[in-house]
There are 2 protein chains.
Amino acid sequence: MAPLRVGWQQVDTYGNRRPTMADVAARAGVSRALVSIVFRGEAGASSATRERILRVADELGYRPDSAARLLARDHSRTLGVLLTLHQPFDADLAEAVHPEAEKRGYDILLATNAPGRSERKAVEALLSHRCEALILLGPGSGSTYLDELGRRTVTVSVGRRITGAHVDNVHTAEAKGVRQAMDHLLGLGHRRIVHVDGGRDPGSAERRRAYRAAMRRHGLGDEIRVVPGRQTEEAGAAAARSMLAERRLPTAVLASNDRSALGLMMAFARAGLDVPGDVSVVGYDDSHLSHLMPVGLTTVRQDPARLAEHAVRFAVERLEGEGVAPREAVLDPKLVVRASTGLPRDDA
Amino acid sequence: MAPLRVGWQQVDTYGNRRPTMADVAARAGVSRALVSIVFRGEAGASSATRERILRVADELGYRPDSAARLLARDHSRTLGVLLTLHQPFDADLAEAVHPEAEKRGYDILLATNAPGRSERKAVEALLSHRCEALILLGPGSGSTYLDELGRRTVTVSVGRRITGAHVDNVHTAEAKGVRQAMDHLLGLGHRRIVHVDGGRDPGSAERRRAYRAAMRRHGLGDEIRVVPGRQTEEAGAAAARSMLAERRLPTAVLASNDRSALGLMMAFARAGLDVPGDVSVVGYDDSHLSHLMPVGLTTVRQDPARLAEHAVRFAVERLEGEGVAPREAVLDPKLVVRASTGLPRDDA
DNA sequence: CTGGCCAACTAGAGCGCGCTAGTAGCGTGC
DNA sequence: GCACGCTACTAGCGCGCTCTAGTTGGCCAG
């Protein structure tokens with residue numbers, strides 16, 4: 001005798017089984033396959049039948065089951081996105097990825113890394129859900145792991161350039177952005193320009209390097225000063241406090257991103273310093289806060305929509321084109337001058 | 001003759017099929033069922049076999065397939081979380097939900113609503129992935145829809161109190177928080193206190209009501225003034241500008257949340273006003289920026305960890321306990337006094 | 001020696017879909 | 001008249017797992 005399955009699955013609070021394709025097919029008087037055709041939007045059903053099936057499905061409250069779909073399909077048509085919830089720029093990116101993926105007929109699955117929840121774990125979760133490609137927003141993992149990952153799965157790194165790994169890269173030309181910012185500061189007459197570093201956060205290494213290069217190019221190698229930090233308001237504020245404590249206030253600060261710049265400005269304000277009267281501040285990202293700040297923040301704009309567009313395109317083209325090699329897209333950033341930068345103070 | 005499946009599924013960039021339980025079983029010389037038992041951590045395998053299976057799985061790089069698992073299981077043990085990426089408080093909550101769910105053996109699936117991507121769509125996505133319960137962070141949908149949803153699926157609303165719908169509610173005692181804030185302001189001698197509203201954003205209605213009640217209770221019914229807004233920095237700044245334009249500056253402003261308060265403070269600063277010298281500002285949430293602000297923000301603290309804990313507990317208990325009715329948890333907020341509030345200016 | 005019990009393990013249906021191979025029915029051209 | 005093509009539809013396997021209902025073998029009591 002056939003074994004009977006006792007526990008029924010997927011019941012609502014009334015104990016009703018949730019309807020499946022078979023239910024719709026039975027009620028519409030057609031085969032399951034035809035319902036499948038209709039729901040996939042494929043050719044092969046007359047418009048009359050199509051409408052009837054959709055009507056019946058609606059009556060029953062039928063919704064396709066992603067789990068079953070994922071399992072049965074040759075291609076899951078799902079992109080996994082890894083982000084850090086607390087990075088507003090990641091939110092901008094993730095939001096831009098959505099419509100871009102939809103346009104190409106792909107679904108999105110989100111996973112987050114947070115303190116206590118490692119990036120690897122989040123990636124494993126995405127892969128276990130059959131994501132065909134991964135879009136990693138500012139991944140923190142080492143390039144060895146990412147290389148391994150990139151060979152298993154189509155992988156795109158956004159906002160952090162991964163060298164020597166089998167992954168697509170999409171990022172802005174950090175060096176170019178920093179150079180614009182530095183030229184702007186140097187043009188105003190600043191010499192004692194400090195860089196508040198972003199530590200291991202995405203883009204930081206490139207920005208730091210570009211700062212150093214710009215200083216040297218202008219014969220200011222001796223003035224190079226990098227204050228350690230991270231891409232958070234807290235770190236920016238801490239950096240400001242440490243500069244104040246050391247009584248070595250520069251005339252200008254180039255922050256690793258807007259959040260750090262925001263922290264800097266807040267701490268300077270607390271100390272009674274005027275921006276840009278006493279010290280100029282430049283950020284990076286052009287987050288939505290930059291133009292709201294009491295003193296509008298001069299910053300380097302990155303365009304999340306275009307970054308997202310390239311990321312999705314790279315992923316999809318590599319999934320669909322046979323044997324396409326990983327590529328790199330480098331977008332041009334643009335300096336946005338607002339009120340947080342001005343002439344150096346007199347005593348300097 | 002049996003039809004042959006041509007397209008193989010889930011291949012890596014080398015064209016290798018990803019290993020399944022059957023592969024592990026074959027290599028370890030056991031049945032698939034036993035591998036399943038081991039990976040589910042159930043009793044019924046000797047520790048020697050257990051270790052061997054895990055070793056073989058590791059050698060092959062086997063990872064369980066969530067899609068298949070979801071499909072086969074009686075209970076998916078998956079909670080769907082809906083959030084707004086751009087709300088930092090949602091990020092705090094979502095981050096706190098994760099470990100709480102894990103502790104109870106549940107998985108998390110994230111979905112976001114964004115401009116252009118409706119909440120319903122996000123919810124449908126979660127349901128299609130077989131989430132057993134939904135944890136909605138500040139849901140924006142109407143109670144009719146949420147009621148319908150709550151009867152189909154175990155649903156918890158966090159941060160927004162939904163009345164008359166079959167859902168669990170977890171939120172702070174908004175009235176109590178606002179009352180504390182108002183008592184603080186009134187105690188300082190403020191009378192002309194304006195509320196900058198959060199519009200339809202979560203918690204706004206309760207906060208607005210509590211503001212009105214507090215004003216009336218102190219015989220200040222005539223002074224009640226609600227400036228429309230939203231829970232964003234932009235809206236706060238706009239509200240500040242409109243107050244300045246009307247030349248009717250209150251002595252204190254109670255904002256709907258910290259983001260709005262931040263916008264207010266920035267706009268006031270731009271206008272050359274001193275906080276709290278010219279105007280006091282109170283926020284809501286106690287986001288991590290509150291204590292970094294140039295002038296520390298007086299605000300009402302909500303504890304995201306405790307909110308998350310209750311939300312997960314409600315969901316899980318209702319899933320596992322038969323016929324448990326939806327409940328409500330109301331957590332006590334706490335006023336945190338910092339530097340953004342002080343005595344009313346003299347002319348008032 | 002027999003029977004019973006338990007721990008360790010296996011067989012195989014089925015979750016809800018996608019997809020290939022097939023069929024039925026109906027013009028259409030010669 | 002028949003071959004042909006085309007549209008509209010169906011049959012049924014298999015995706016990788018879970019889970020019920022077994023089976024097997026070893027050990028011990030009677």
Open item on the list: Apply the a/c threshold of 1.5 to the C-alpha gyration tensor of the stretch B:236-348 and tell me whether it is rounded, prolate or oblate.
Closed with: prolate
Open item on the list: Per-residue counts of other Cβ atoms within 10 Å, averaged by peptide: what ranking do you get for A:286-296, B:75-85, A:253-263, highest first?
Closed with: A:253-263, B:75-85, A:286-296
TODO: Sum up the charges of everything whose Cβ sits under 12 Å from the Cβ of residue B:94, counting Lys and Arg as +1 and Asp and Glu as -1, but leave residue B:94 out.
DONE: -3
Task: Per-residue average of Cβ from other chains inside 10 Å of B:283-295 - done: 3
TODO: Set the Förster distance to 30 Å, then compute FRET efficiency between residue B:32 and residue A:22 from the Cβ-Cβ distance, nearest 0.05.
DONE: 0.70
TODO: Using only Cα atoms, find the angle between the long axis of helix A:258-270 and the longest principal axis of chain A, and express it within 0 to 90 degrees, rounded to the nearest 10.
DONE: 40 degrees
- [ ] Could you work out the local net charge near residue B:277, counting Lys and Arg as +1, Asp and Glu as -1, over the other residues with Cβ closer than 13 Å to its Cβ?
- [x] -3
Task: Extended-chain gain in nm, criterion 0.36 nm per residue less alpha-carbon gap, residue A:246 and residue A:306 - done: 17.5 nm
Open item on the list: If you average the alpha carbon positions of the stretch B:29-87 and of the stretch A:34-64, how far apart do those two centres end up, in angstrom?
Closed with: 34 Å
Task: Where labels lie 7 Å past Cα in the beta-carbon direction, separation of residue A:163 and residue A:218 in nm - done: 2.5 nm
Task: For A:230-243, mean number of other protein chain Cβ atoms within 10 Å - done: 1
- [ ] Express as a percent, rounded to the nearest 5, the fraction of DSSP beta bridges in chain B (both residues included) that run antiparallel.
- [x] 10 percent
Task: Loop sites in the stretch A:165-273: GluC sites (Glu not before Pro), DSSP, at most 12 other Cβ within 10 Å - done: A:246
Task: Residues residue A:121 and residue B:60, FRET efficiency given R0 of 25 Å [Cβ-Cβ distance, rounded to 0.05] - done: 0.80
- [ ] Could you state how much accessible area is buried at the A-B interface, both sides summed, with a 1.4 Å probe, in Å² to the nearest 100?
- [x] 5600 Å²
TODO: Express in whole angstrom the spacing between the alpha-carbon centres of the stretch A:143-171 and the stretch A:286-314.
DONE: 23 Å
TODO: For chain B, list log₁₀ I(q)/I(0) at each q in 0.09 Å⁻¹, using the Debye formula over Cα point scatterers of equal strength and ignoring solvent, two decimals each.
DONE: -0.61
- [ ] Using only Cα atoms, figure out Rg for the protein assembly as shown and give it as a multiple of 2.2 N^0.38 Å.
- [x] 1.06
Open item on the list: Tell me whether the stretch A:21-64 comes out rounded, prolate or oblate; compute the Cα gyration tensor, take square roots of the eigenvalues as a ≥ b ≥ c, and use a/c under 1.5 as the rounded threshold.
Closed with: rounded
Task: the stretch A:190-265: C-alpha gyration tensor shape, a/c 1.5 cut-off, then a/b vs b/c - done: oblate
- [ ] Please list, in chain and number order, the residues 5+ apart from residue A:232 or on another chain whose amide H is under 5 Å from its amide H, with Hs placed from the backbone.
- [x] A:260
Task: Selected from A:231, A:307, A:330, residue furthest toward positive end of dipole (the stretch A:198-348; charges at beta carbon) - done: A:231
TODO: Quick one: angle between helix B:88-103 and the longest Cα principal axis of chain B, in degrees between 0 and 90, rounded to 10, please.
DONE: 40 degrees
Open item on the list: Less than 14 Å Cβ to Cβ from residue B:233, Lys/Arg counted +1 and Asp/Glu -1: what total charge do the surrounding residues give?
Closed with: -1
- [ ] With everything on Cα atoms, drop me the angle between helix A:174-187 and the longest principal axis of chain A, reported from 0 to 90° to the nearest 10.
- [x] 30 degrees
Task: Label point 7 Å beyond Cα along the C-beta direction, distances from residue A:47 to other copies (nm, shortest first) - done: 7.0
- [ ] Restrict the search to the stretch A:34-80; then list the GluC sites (Glu not before Pro) that DSSP places in a loop and that have at most 14 other Cβ atoms within 10 Å of their Cβ.
- [x] A:42
TODO: May I ask you to report, in nm to one decimal and beginning with the shortest, the distances from residue B:225 to the same position in the other copies, taking label points 7 Å along Cα-to-Cβ?
DONE: 4.6
TODO: State the Cα centre-to-centre distance between the stretch B:103-141 and the stretch A:230-276 in whole Å.
DONE: 39 Å
Task: DSSP beta bridge pairing in the stretch B:233-342, given as percent antiparallel to the nearest 5 - done: 30 percent
- [ ] Tell me what the protein assembly as shown gives for mean residue ellipticity at 222 nm when only DSSP H runs of n ≥ 4 count, each as -39,500 (n - 2.57), the sum divided by the residue total, rounded to 500 deg cm²/dmol.
- [x] -13000 deg cm²/dmol
Open item on the list: Need one number: nm distance between label points at residue A:145 and residue B:144, each 7 Å from Cα along Cα→Cβ, rounded to one decimal.
Closed with: 4.9 nm
- [ ] Quote to one decimal, in nm, the extra length available between residue B:40 and residue B:345 on full extension: 0.36 nm per residue of separation minus the C-alpha distance between them.
- [x] 103.2 nm
Open item on the list: Give me the percent relative contact order of chain B, please, defined on Cα pairs under 8 angstrom at least 6 residues apart.
Closed with: 15 percent
Task: Across the identical copies, how the residue A:327 labels are spaced - nm, sorted shortest first, 7 Å along Cα→Cβ - done: 5.5
Task: Average other protein chain Cβ within 10 Å of Cβ, residues A:95-107 - done: 2
Task: Accessible solvent surface per residue of the protein assembly as shown, calculated while the other protein chains remain in place, 1.4 angstrom probe, Å² - done: 43 Å²
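The values are calculated or read from the model by the stated rules, or taken from the named source; none is laboratory data. Only a predicted model underlies this, so the values are computations on that prediction, with no experimental measurement involved. Because the Cβ atoms are built from the backbone with ideal geometry, glycine has one as well, and the counts that use them run over all protein chains shown. Only protein heavy atoms, including side chains, enter the accessible area calculation; ligands, DNA and RNA are left aside. Shrake-Rupley method; radii C 1.70, N 1.55, O 1.52, S 1.80 Å.
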